[in-house]
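The values are calculated or read from the model by the stated rules, or taken from the named source; none is laboratory data. Model, not experiment: these values are computed from the prediction. Cβ: placed from backbone, ideal geometry, glycine included. Neighbour counts: every protein chain shown.
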């Protein structure tokens, strides 16, 4: 019966042939500054050098001659008569443990830059690849050129070997004091406080606005639903705006532009259940027809309420019946006003 690697490893039996892609037991014979020679049994010796050595350098610093480790055969093309192997099977566990420990202690680790792009940095930490988005890079590094192969200090935000997920932040190290100051300022902000700022980025779900409070720059999000009551306005990069603080959650600042003006729902008196109201189709999504019944006030018609054979389009006028209204939560449920009740209508 064929024995598994674990059985061979525990029994100390030699492997007669080292096949590329297999994991074998190796006993370290010698360690130098750039290579390791190991006995892999079956009268065969292996070498760990080049990238195979550098990717496991942190783990190698813990090894001694005579230690037994698991290695991966990377090539059967010999170097000086030695089979090429990698320490990844053993160093991977070591690296994840070290990264999880660094996360718990909030200690920076070194990362080697592989490539820089507009989106961020591709890096390697202890032989494990990760991507650091631009939002987690300090300003100095964002503007730096020719940083490939250079070493940077990063903080581990998450290390999950099961998902092969490593989340890092360089900004948390290089701008640590500034971030701490921002957190302190954020903790003092109050809901409803008015600030002045400038739009610095526009994304599909809203716009990021940079504001200044007590001499500290803060960036908050104006969700697209908080741009205007009519939902027909868009913000542009560079636009100066006044915003009000909606809330702060996990150091994320939520802002609103539309709440700088009067709330159109405050003075509404004619929205009553089962009454008729006319409106205009403002938007359509997969589930609802959004109808503007008066400036700044919208209601929703579930698609299931639309009679067969009809297909409202944006801009169409539509007569509705109010099914439910919640002025406090700004919610208005509508159904189309029917002249004939269709079969199966609910």
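Can you tell me which residue is surrounded by the fewest Cβ atoms within 10 Å (Cβ to Cβ) among those in the stretch 119-143 that are modelled with pLDDT of 85 or more and in a loop (DSSP other than H, G, I, E, B)?
Looking at the filtered set, the residue picked out is 119.
For residue 71, work out the one condition from (1) in a helix (DSSP H, G or I); (2) assigned by TED's automatic domain parsing to the domain that holds residue 29 it doesn't fulfil.
With (1) in a helix (DSSP H, G or I); (2) assigned by TED's automatic domain parsing to the domain that holds residue 29 applied to residue 71, the lone miss is (1).
Which condition does residue 53 not pass, out of (1) under 24 Å from residue 154 (Cα atoms); (2) modelled with pLDDT of 85 or more; (3) in the same structural domain as residue 26 (by TED's automatic domain parsing); (4) exposed (fewer than 15 other Cβ atoms within 10 Å of the Cβ), if it passes all the others?
(4)
Does the stretch 170-181 include one or more residues that are in a strand (DSSP E or B), farther than 21 Å from residue 238 by Cβ, touching a strand residue (DSSP E or B) at 6+ places or on another chain (Cβ under 7 Å) and outside the structural domain of residue 235 (by TED's automatic domain parsing)?
Within the stretch 170-181, none of the residues are in a strand (DSSP E or B), farther than 21 Å from residue 238 by Cβ, touching a strand residue (DSSP E or B) at 6+ places or on another chain (Cβ under 7 Å) and outside the structural domain of residue 235 (by TED's automatic domain parsing).
I'm trying to understand the selection: among the residues of the stretch 190-205, which are touching a residue at least 24 places away in the same chain (Cβ under 8 Å) and either farther than 17 Å from residue 247 by Cβ or buried (at least 18 other Cβ atoms within 10 Å of the Cβ) (or both)? Talk me through it step by step, then tell me what you get.
Within the stretch 190-205, the first condition is being touching a residue at least 24 places away in the same chain (Cβ under 8 Å), and the residues that meet it are 190-202.
Those that are touching a residue at least 24 places away in the same chain (Cβ under 8 Å) and either farther than 17 Å from residue 247 by Cβ or buried (at least 18 other Cβ atoms within 10 Å of the Cβ) (or both): 195, 196, 197, 198, 199, 200, 201, 202.
All but one of (1) more than 30 Å from residue 290 (Cα to Cα); (2) assigned to a loop (DSSP other than H, G, I, E, B); (3) in contact (Cβ under 8 Å) with a residue 12 or more places away in the chain hold for residue 163; state the number of the condition that does not hold.
Checking residue 163 against (1) more than 30 Å from residue 290 (Cα to Cα); (2) assigned to a loop (DSSP other than H, G, I, E, B); (3) in contact (Cβ under 8 Å) with a residue 12 or more places away in the chain, the one that fails is (3).
Name the one entry in 236, 226, 250, 274 that is in contact with a strand residue (DSSP E or B) (Cβ under 9 Å, 6 or more places away or on another chain), loosely packed, with under 11 Cβ neighbours inside 10 Å, without any contact (Cβ under 8 Å) to a residue 60 or more places away in the chain and within 29 Å of residue 189 (Cβ to Cβ).
236
Go through the stretch 222-266 and count every residue that is assigned to a loop (DSSP other than H, G, I, E, B) and over 18 Å from residue 211 (Cβ atoms).
Counting residues in the stretch 222-266 that are assigned to a loop (DSSP other than H, G, I, E, B) and over 18 Å from residue 211 (Cβ atoms) gives 14.
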